[in-house]
Amino acid sequence: MRNYLKVTGRLAGSVVALLLVAGVAFANLSPELGGKPTKAERAAYARSGHYQDGKFQNLVPTRQLTGGSMLSVFWKFLFSSAPNEAPAAPLPMQTLDSLSITRKTADMVRVTWFGHSASLVEIAGKNILLDPMLSVKMGPLPLVTPKRYNQELVITAEQLPPIDAVLISHDHYDHLDYQTIRRLKDKVTRFYVPLGIGAHLRAWGVDSARVRELDWNDSVRLDGLTIVSTPARHFSGRGLTNANSTSWSSWVMKSATKRVFYSGDGGYGPHFQTIGQQHGPFDVALMECGQYNEDWAEIHMMPEQTVRATLDVRARLLLPVHWGAFTEARHAWNEPVRRASAEAGRLLLPITTPQLGQPVTLGAGALPQERWWQ
């Protein structure tokens with residue numbers, strides 16, 4: 001019996017190892033992996049001041065893992081769970097089309113959250129699309145990646161109106177989606193991305209003339225709108241061998257009268273206060289709130305830190321994002337918004353919690369605050 005168990009164990013281990021190797025090989029051959037910056041581009045990145053030895057760095061020392069080894073964290077991710085990790089039924093949503101989105105005036109600011117971090121910001125008469133992950137499946141290995149709660153989307157890439165600019169915060173699969181980029185690339189005037197991400201877009205057929213990489217504190221003007229790349233505290237990579245080969249950003253959008261901030265992903269840090277001093281106050285901040293864990297406490301914020309960071313950037317209104325679509329951490333699916341709402345109430349910070357696809361129009365009456373997620 002002992003020999004039988006040994007043979008069976010070895011066989012099972014071999015099968016798992018072969019499946020792992022096959023999966024990694026497939027992922028590395030998939031176009032989803034993206035492209036690689038050229039040698040000349042990498043040499044230019046060294047002048048940014050936060051690129052060393054082929055990798056981008058954070059402004060302050062940052063550990064990707066704060067709760068043990070990669071193996072232990074991976075084991076907990078695969079084999080442990082929290083109660084209520086996914087909703088029992090599809091989440092309520094308001095479906096949209098391009099006509100409903102394009103009914104606006106030049107001085108209006110409207111934000112529509114599509115789930116996770118994908119959002120449309122309408123400001124200064126422009127359509128600005130943030131981290132458009134508009135696919136049901138994620139990445140090159142959808143059998144092992146998180147499943148989207150809703151199998152139907154608020155809006156598809158094909159239904160979006162013409163987009164003046166797409167802003168990407170970093171190149172992780174839940175923020176930079178190959179399928180979405182392929183479907184919407186021809187209706188986008190410009191892609192503004194962190195250093196290194198242009199290589200992914202070029203590999204996916206985006207005209208290089210439409211792509212501009214911005215370093216932290218670089219800015220561009222779009223006829224009445226200024227877009228600024230600002231720091232974040234995170235990491236990057238789409239494969240096993242390209243960790244931190246591209247940069248990551250938060251984003252400022254400001255017209256003559258209105259200002260919007262998007263945090264992207266990242267841990268809490270002093271950069272929020274600096275951004276608030278340089279570019280605030282903001283009328284609304286779309287802030288990462290969700291997919292946190294004590295094992296990676298320096299690269300994602302806890303909900304209470306989300307509220308603190310919103311106050312740091314001097315935002316008058318918090319709209320929590322990075323939740324409501326996928327389970328990527330061991331907490332209840334609605335815990336982020338529950339904790340953030342409680343902390344915002346304690347600190348008297350206005351917060352809006354729209355349903356997926358429910359527009360938030362500034363200065364147009366009551367904001368969406370229904371606790372639909374309870």
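Descriptive notes on the structure:
- Each residue was assigned an accessible area with a 1.4 Å probe, and for Asp207 the value is about 80 Å².
- Full-stretch length increase - Ala366, Ser100 - with 0.36 nm per residue and alpha-carbon distance subtracted: 93.8 nm
- Probe 1.4 Å, all protein chains present, accessible-area order of Lys187, Lys147, largest first: Lys147, Lys187
- Dipole of the stretch 98-362, positive end: most advanced residue of Asn217, Leu348, Thr189 [Cβ charges, Cα centre]: Thr189
- Note on exposure: Leu99, Leu222, Leu347 ranked by accessible area (1.4 Å probe, complete protein assembly) read Leu99, Leu347, Leu222, with the most exposed listed first.
- Rounded to 5, percent antiparallel among DSSP beta bridges of the chain: 55 percent
- Global geometry of the stretch 168-320, whether rounded, prolate or oblate, following the gyration tensor of its Cα atoms and the 1.5 cut on a/c: oblate
- Solvent-accessible area of Ser208, all protein chains in place: 70 Å² (probe radius 1.4 Å, heavy atoms, ligands and nucleic acids excluded).
- Take every Cα pair under 8 Å whose residues are at least 6 apart in sequence, average their separation, divide by the length of the stretch 119-174, and the relative contact order is 42 percent.
- 0 to 90° range, to nearest 10: angle between helix 70-79 axis and the chain longest Cα axis: 90 degrees
- Across the chain, Cα pairs under 8 Å and at least six residues apart give a relative contact order of 19 percent.
- Couplings 3J(HN,Hα) for the stretch 288-300, derived from phi with the Karplus relation 6.51 cos²θ - 1.76 cosθ + 1.60 (θ = phi - 60°), are 3, 7, x, 6, 10, 6, 5, 6, 9, 5, 9, 10, 9 Hz, where x marks Gly and Pro.
- Using the Cβ of Thr189 as centre and a radius below 13 Å, the other residues enclosed give a net charge of +2, where K and R count +1 and D and E count -1.
- Lys pairs under 20 Å by Cα in the chain, provided they are eight or more residues apart or on distinct chains: 14
- Protein heavy-atom accessible surface, 1.4 Å probe, per residue over the stretch 122-187: 34 Å².
- A straight chain from Thr66 to Ala40 at 0.36 nm per residue would run longer than the Cα-Cα distance by 5.9 nm.
- Within the accessible area of the stretch 98-362 (1.4 Å probe), percent carbon and sulfur: 50 percent
- The angle between the Cα long axis of helix 335-346 and the main principal axis of the chain comes to about 40°, on a 0 to 90 degree scale.
- Residue-averaged 222 nm ellipticity for the chain, from DSSP H runs of 4+ at -39500 (n - 2.57), nearest 500: -7500 deg cm²/dmol
- Annotation: amide H-H contacts under 5 Å for Ala118 (H modelled 1.01 Å from N, sequence separation of 5 or more, or interchain): Met133.
- Taking 0.890 mPa s as the viscosity and 25 °C as the temperature, the Stokes-Einstein diffusion coefficient of the stretch 98-362 based on its alpha-carbon Kirkwood radius rounds to 135 µm²/s.
- Cβ-based charge dipole, the chain, positive-most Cα from Pro359, Leu201, Ile101: Leu201
- Residues Ala342 and Thr156, FRET efficiency given R0 of 35 Å [Cβ-Cβ distance, rounded to 0.05]: 0.50
The values are calculated or read from the model by the stated rules, or taken from the named source; none is laboratory data. Everything quoted here is computed from the prediction, not taken from an experiment. We place every Cβ from the backbone using ideal geometry, glycine too, and count neighbours over all the protein chains shown. Areas reflect the complete protein model, heavy atoms only, side chains present, ligands, DNA and RNA absent. Shrake-Rupley method; radii C 1.70, N 1.55, O 1.52, S 1.80 Å.
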